[in-house]
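The values are calculated or read from the model by the stated rules, or taken from the named source; none is laboratory data. Just so you know, these numbers come straight off a predicted model, no measurement behind them. We place every Cβ from the backbone using ideal geometry, glycine too, and count neighbours over all the protein chains shown.
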């Protein structure tokens with residue numbers, strides 16, 4: 001059995017302009033408020049290999065209703081829970097068998113391997129449908145910072161019991177929301193359900209609506 005979890009650190013807004021510009025404005029305001037130097041911002045994503053299959057795991061905007069085609073295992077609201085009824089204000093968590101991650105080629109340092117332990121890899125896939133889905137951009141879980149894409153990846157890593165030097169963003173950079181995911185996972189770790197071999201392949205039946 002081949003098993004591995006690879007973490008990728010992708011510069012925020014790589015390959016685009018709008019997100020990168022908004023990220024710079026956000027970081028400039030945060031740095032001024034905290035009286036520190038500005039940092040480069042990063043977005044985390046995972047590529048998981050298990051039993052001959054490859055899974056792309058990340059949080060992304062929801063472009064349409066065909067959730068199964070992208071391996072969507074959970075969805076959540078953006079900005080305000082009431083707005084989540086509109087697709088424009090909804091995010092989706094993907095555990096996409098055979099899927100792709102945009103801008104993966106821009107990842108700094110390439111893949112950072114976290115584990116090759118089949119049981120740890122199985123558990124990470126197994127708990128994908130249990131990831132919390134609070135409002136993106138808010139701290140509904142009282143974790144100390146807003147919940148976002150980095151929070152989801154950090155939660156999966158921590159809930160799967162994984163550790164390693166790769167679990168911090170590159171030097172002189174930040175991954176907003178990262179610590180919130182670890183904090184949430186430490187409070188409540190889901191019990192394995194034993195269906196890792198099917199959970200992401202059958203995402204259409206596991207998808208959660210807001």
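Descriptive notes on the structure:
- Selection over the range 103-144 of residues that are part of a loop (DSSP other than H, G, I, E, B) and touching a strand residue (DSSP E or B) at 6+ places or on another chain (Cβ under 6 Å) gives a count of 8.
- Filter result (closer than 25 Å to residue 24 by Cβ, over 18 Å from the mean Cα position of the chain (by Cα) and modelled with pLDDT of 95 or more) within the range 42-94: none
- Scope the range 146-165; condition farther than 16 Å from residue 79 by Cβ and surrounded by fewer than 20 Cβ atoms within 10 Å (Cβ to Cβ); matching residues: 158, 161, 162, 163, 164, 165
- Conditions (1) part of a helix (DSSP H, G or I); (2) at pLDDT 95 or above; (3) farther than 19 Å from residue 63 by Cβ: number failed by residue 152: (3)
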